[in-house]
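Worksheet for the structure shown next.
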Amino acid sequence: MRDTILVGCGAGFSGDRTDAALPVVKTLIRRSGPAALIFENLGERTLAQQQLSKRNNSKMGYEPLMELELRPILADCLANGITIVGNFGAANPTAAGQRILEMAQELGLPRPKVAIVSGDDLSDGHGKELIAQHLGEQFDQARFVCANAYQGAHEIAAAIAAGAQIVVTGRVSDPSLTLGPVIAHYGWSIDDWDLLAGASMAGHLLECGAQVTGGYFADPGKKNVSGMENIGFPIAEIFADGTCLISKADNSGGLVDVRTVKEQLLYEVHDPSAYITPDVVADISDAEVAELEPNVVRLSGVKGHPRTDTLKANVFFDGGWLGEGEISYAGPNARARAELALQTLKKRLGMLHGLELRCDLIGVCSVFNDDANRMLDSIAIGEPTDVRARVAAQHLELEPIEALLREVTALWTCGPAAGGGVRVNKRQRLSTTSCLLKREYLPATFEFL
């Protein structure tokens, strides 16, 4: 029996593959010993969207794919003592926990011990007042939607130490999902900064799922990765000194080497000497990444500094509406007809509604951040024969967006010639601002269902 702990990743974002976790769980069972499985399902805006979902239905507001993620692995995890930790609770961790209990009953499993971590949601009256005081004139009462603070790992650890088999959270920092089980396993103190930093960076390597196992790395002919159709999700073996080994699910595709680990280690890290989480400030300035064998990489040398006295909170406001429409042109002179369509839309919508359009020609120039169309205008006309024109605009009111959608649809017959495949779409926007709040105002806790 190992005295280290294995932590596997079952999902790296909301919308990740739902068949990824099972090979990870099978691998954890084969390797035996203490283990946990994490699900990282929350992007910056995912939580706000789930807050809107909760407003419409008090039983919703958690990760929509949670059942597809957990149903294939729940029995194996419970039977083999693999702790499940997920932020799939999103805006409604209690409802998510209740659904997990129902799922266990449907599968004929013993009732699991499900813990709910709370303290992140600042959308109630007290939280709103706190945010308003902090933002001052920036706070728009009429358009406020929700706010959530990033909580840390210690409440997750406390829940596991109290016997939780499944820990459901809302907003916690991504690395904290991994750090929580590790703290519970080793009994680390709140000021074991180097240890906390090491395990936090292991969590950072896991949090985006297949990014560290070659998914985001793959670039044919330059950075080849085999078995992309069956890419294995990552597993970290974390040691008592805070170092870790990164590997992946057995019998899977993908790649773990020095390059994939270094890419993910630096992912979304603004300052390598001060990667701030709610639990610790990690310093990877002198970290070492070494390949021990194929698909096994060691991370060591991570240092830790005391955690800050503040927690980051994201505040979301109603941002109006976003509308977009597309139409295709093919054959000789396709680009010229597509450009004529965009010019027509600009003139009509600019005159009638004052909308500023984002215009793209998919197949010519559409992926780069070219809101002002400078890049598009600078490209010489060639001979593309398959061009899709796309326009988009945002507005606080819905009517101008509805007009945009009607104008794109009208291109069918109003011309230019031979347009087809019209698609229009509109959705509500959320604007975001972030702030730092004293952690003493944001106590976290946990309770069992």
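The values are calculated or read from the model by the stated rules, or taken from the named source; none is laboratory data. As the structure is a prediction and not an experimental result, all values here were calculated from the model. Cβ coordinates were reconstructed from backbone atoms using ideal geometry, including for glycine residues, and neighbour counts include every protein chain displayed. Each accessible area value is taken on the protein alone, full model and side chains, heavy atoms only, with ligands, DNA and RNA left out. Shrake-Rupley method; radii C 1.70, N 1.55, O 1.52, S 1.80 Å.
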- [ ] State whether one or more residues within the range 173-183 are over 23 Å from Phe446 (Cα atoms) and touching a helix residue (DSSP H, G or I) at 6+ places or on another chain (Cβ under 8 Å).
- [x] no
TODO: With the condition kept exactly as written, say whether any residue in the range 77-90 is over 21 Å from Glu44 (Cα atoms), part of a helix (DSSP H, G or I) and open to solvent by 40 Å² or more (accessible area, probe 1.4 Å).
DONE: yes
Open item on the list: Considering only residues that are touching a helix residue (DSSP H, G or I) at 6+ places or on another chain (Cβ under 8 Å) and more than 16 Å from Asp318 (Cα to Cα), which ones fall in the range 123-149?
Closed with: Leu130
Open item on the list: List the residue pairs whose Cβ atoms are under 7 Å apart, where the first residue sits in the range 54-79 and is farther than 18 Å from Glu106 by Cβ, the second is in a loop (DSSP other than H, G, I, E, B) and open to solvent by 60 Å² or more (accessible area, probe 1.4 Å), and the two are 6 or more positions apart or on different chains.
Closed with: Lys54/Met60
TODO: Confirm whether Glu155 is open to solvent by 10 Å² or more (accessible area, probe 1.4 Å) and either in a loop (DSSP other than H, G, I, E, B) or closer than 21 Å to Ile190 by Cα (or both).
DONE: yes
Task: the range 36-59, residues that are part of a loop (DSSP other than H, G, I, E, B) and either modelled with pLDDT of 95 or more or surrounded by 19 or more Cβ atoms within 10 Å (Cβ to Cβ) (or both) - done: Glu40, Asn41, Leu42
- [ ] Scan the range 289-312 and give yes if some residue there is assigned to a helix (DSSP H, G or I) and of a type outside the set (Ser, Thr, Tyr), otherwise no.
- [x] no
- [ ] Kindly check whether there is at least one residue in the range 180-200 that is over 22 Å from Glu69 (Cβ atoms), over 24 Å from the mean Cα position of the chain (by Cα) and either modelled with pLDDT under 95 or polar (S, T, N, Q) (or both).
- [x] yes
- [ ] Any chance you could count how many residues in the range 208-233 are open to solvent by 10 Å² or more (accessible area, probe 1.4 Å), under 27 Å from Gly304 (Cα atoms) and touching a Lys or Arg at 6+ places or on another chain (Cβ under 9 Å)?
- [x] 1
TODO: Name every residue in the range 96-113 that is more than 23 Å from the chain's Cα centre (by Cα) and either buried (at least 23 other Cβ atoms within 10 Å of the Cβ) or small (Gly, Ala, Ser) (or both), in order of residue number.
DONE: Ala104, Gly108
Task: Count of the range 115-138 residues which are open to solvent by 10 Å² or more (accessible area, probe 1.4 Å) and without any contact (Cβ under 8 Å) to a residue 60 or more places away in the chain - done: 10
Open item on the list: Just checking, does the range 125-145 include any residue being under 20 Å from the mean Cα position of the chain (by Cα), farther than 16 Å from Leu37 by Cβ and at pLDDT below 95?
Closed with: yes
TODO: Please name all residue pairs, on different chains or six or more residues apart, with Cβ atoms under 8 Å, provided the first residue is in the range 15-35 and is surrounded by fewer than 17 Cβ atoms within 10 Å (Cβ to Cβ) and the second residue is at pLDDT below 95 and of a type in the set (D, E, K, R).
DONE: Arg31/Arg2; Ser32/Arg2; Gly33/Arg2; Gly33/Asp3
- [ ] Collect the residues in the range 306-339 that are at pLDDT 90 or above, of a type in the set (D, E, K, R) and out of contact with any helix residue (DSSP H, G or I) (no Cβ under 7 Å at 6 or more places or on another chain), keeping them in residue-number order.
- [x] Arg307, Lys312, Glu324, Glu326, Arg337, Glu339
- [ ] Would you please name the residue that is most open to solvent (accessible area, probe 1.4 Å), looking only at residues in the range 397-414 that are within 16 Å of Leu357 (Cβ to Cβ) and hydrophobic (A, V, I, L, M, F, W, C)?
- [x] Ala410
TODO: Tell me which residues, restricted to the range 1-45, are polar (S, T, N, Q) and in contact with a Phe, Trp or Tyr (Cβ under 8 Å, 6 or more places away or on another chain).
DONE: Thr4, Asn41
Task: Unique match (being of a type in the set (A, V, I, L, M) and in contact with a Phe, Trp or Tyr (Cβ under 9 Å, 6 or more places away or on another chain)) among Ala104, Ala91, Ala79 - done: Ala91
TODO: May I ask you to list the residues in the range 415-449 that are assigned to a strand (DSSP E or B), among the small types (Gly, Ala, Ser) and surrounded by 12 or more Cβ atoms within 10 Å (Cβ to Cβ)?
DONE: Ser431
Open item on the list: Being of a type outside the set (S, T, N, Q), surrounded by 20 or more Cβ atoms within 10 Å (Cβ to Cβ) and assigned to a strand (DSSP E or B): is that true of Ile183 here?
Closed with: no
TODO: Looking only at the range 234-260, count how many residues are touching a residue at least 40 places away in the same chain (Cβ under 8 Å), farther than 23 Å from Lys26 by Cβ and either open to solvent by less than 10 Å² (accessible area, probe 1.4 Å) or assigned to a helix (DSSP H, G or I) (or both).
DONE: 2
Open item on the list: Residue under question is Ala403, and the condition is that it be within 20 Å of Leu340 (Cβ to Cβ), free of Cβ contacts under 8 Å to residues at least 40 places away in the same chain and not in a strand (DSSP E or B); does it hold?
Closed with: no
TODO: Would you tally the residues in the range 273-308 being within 14 Å of Gly152 (Cα to Cα) and free of Cβ contacts under 8 Å to residues at least 12 places away in the same chain?
DONE: 0
